[in-house]
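See structure below.
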Amino acid sequence: MLPNFLQRLASWCPWLLRLTDEPKQPVKVLVSGAAGQIGYAIVAMIARGLMLGPDQPVVLHMLDIPRSAETLNGVRMELIDAALPLLRGVVATSDEAEAFRGVNFAVLIGGWPRKEGMQRKDLIAKNVPIYQSQASALQQHAAPNCKVLVVANPANTNALVLKEFAPAVPAKNITCLTRLDHNRALGQISEKVGVHVADVRNAIVWGNHSSTQFPDASHATTRTQHGEKPVVELIADENWLKEEFVSVVQQRGEAVIKARKQSSSLSAASAACDHMRDWILGTPKGTWVSMGVYSDGSYGVPEGIFYSFPVTCDKGEWSIVQGLEVDDFARSKMELSANELDEERSMAYEFVSSERDQ
């Protein structure tokens, strides 16, 4: 306990408190698909403290398929060569049991990628066995209270498969990534209004991480020289808010692929760090973010699916923001995405059943 005079001094200079803190113990962070582009981008971000804070040492567990083992080892070599002070160890493996052993946090990027000509049903069929297997490894080998972020598409339904086949893991500990869509929404608003993106807050992405998602600016605000203002007041263009804005955010991933001939990597890695950082360290007061979480029926969304809601986070727990007004337009968009997720759930269960019957 600090003497009173030091407590007063620390209240003026908070960095002084860090001088008296005990060093934090390293935590283990798993990244699956670590040899891929998003994985390659995110591991250095994690090791630099962008996910869990600048004073949190980490041991990175990197998982990928056997044919990517050489590439994965190259990533391991680069991490060592970067001489990152927070990095206290690297495990590079193709063995799920070894990868999940003792991990406190898991970012699941690995999955079967969507290829030309594949329908969403085909993608679900390929990913169900992958996430069944990872669910088993998660339940058997991860640390108690391990927190999981599913990034691989179809992210919402992959998260559901993970949850169904790891029944000992609390549903609240499994989430999926819609923060990239949320960040895209903030970026579009900031460009339209002409403010810095850090001044925009409380946009929402409802639903599935797919083209049915509903980016919603109706509750968003931005700081201006005249104080905090609603975005709908500053833009005052219903066609842009309900049509162009929604379409641009929904189709942004395809636009990136068209421009760079590869899918979003840097922005996806950054969004995954944002998601985990806010979940673990807390959202700023008065601010919510979008996260794919297990529905409890809020806003009339069916229970039993992973759906993106506005959430606040505190002490490592997320809570759905309640009481927001939802008009008929928003309701119709939200229901469309919920219906798609319900269809995906049925497809996933169908593939699980057919595997069991074989």
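When K285 is tested against (1) part of a helix (DSSP H, G or I); (2) closer than 30 Å to D55 by Cα; (3) of a type in the set (K, R), exactly one condition is not met: (1). Looking only at residues of the range 326-358 that are in contact (Cβ under 8 Å) with a residue 24 or more places away in the chain and not in a helix (DSSP H, G or I), we find that the one that is nearest to T157 (Cα to Cα) is V326. Among residues that are part of a helix (DSSP H, G or I) and free of Cβ contacts under 8 Å to residues at least 40 places away in the same chain, E228 is not included. Residues in the range 36-53 that are assigned to a loop (DSSP other than H, G, I, E, B) and closer than 8 Å to L86 by Cβ were compared, and the one that is least open to solvent (accessible area, probe 1.4 Å) is G49. Just one of (1) at pLDDT 95 or above; (2) open to solvent by less than 70 Å² (accessible area, probe 1.4 Å); (3) within 30 Å of L341 (Cβ to Cβ) fails for Q139. It is (2). Considering the range 74-89, the residues that are farther than 17 Å from L30 by Cβ and free of Cβ contacts under 8 Å to residues at least 40 places away in the same chain include one that is most open to solvent (accessible area, probe 1.4 Å), namely D81.
Checking the range 292-305 against the condition returns a match, with at least one residue being aliphatic (A, V, I, L, M) and in a loop (DSSP other than H, G, I, E, B). Quick check on the range 88-101. Is at least one of its residues under 30 Å from D342 (Cα atoms) and not polar (S, T, N, Q)? Yes, because at least one residue in the range 88-101 is under 30 Å from D342 (Cα atoms) and not polar (S, T, N, Q). If only residues of the range 201-220 that are open to solvent by less than 10 Å² (accessible area, probe 1.4 Å) and more than 19 Å from the chain's Cα centre (by Cα) are counted, the one that is nearest to E344 (Cα to Cα) is A217.
Restricting attention to the range 18-35, the residues that are outside any strand (DSSP E or B), small (G, A, S) and more than 20 Å from D81 (Cα to Cα) add up to 1. So in the range 54-73, with the set limited to residues that are in contact (Cβ under 8 Å) with a residue 40 or more places away in the chain and assigned to a loop (DSSP other than H, G, I, E, B), which one is farthest from A34 (Cα to Cα)? The extreme case among them is I65. Within the range 171-199, restricting attention to residues that are assigned to a loop (DSSP other than H, G, I, E, B) and free of Cβ contacts under 8 Å to residues at least 12 places away in the same chain, which residue is most open to solvent (accessible area, probe 1.4 Å)? Ranking the qualifying residues of the range 171-199, first place goes to H196. What's the total number of residues in the range 80-137 that are part of a loop (DSSP other than H, G, I, E, B) and β-branched (V, I, T)? The qualifying residues number 2.
The values are calculated or read from the model by the stated rules, or taken from the named source; none is laboratory data. From a predicted model like this one, the values you see are computed outputs, not experimental measurements. Heads up, the Cβs are rebuilt from the backbone with ideal geometry, glycines too, and the neighbour counts pull from every protein chain shown. Ligands, DNA and RNA are excluded from the accessible area calculation, which covers all protein heavy atoms including side chains. Shrake-Rupley method; radii C 1.70, N 1.55, O 1.52, S 1.80 Å.
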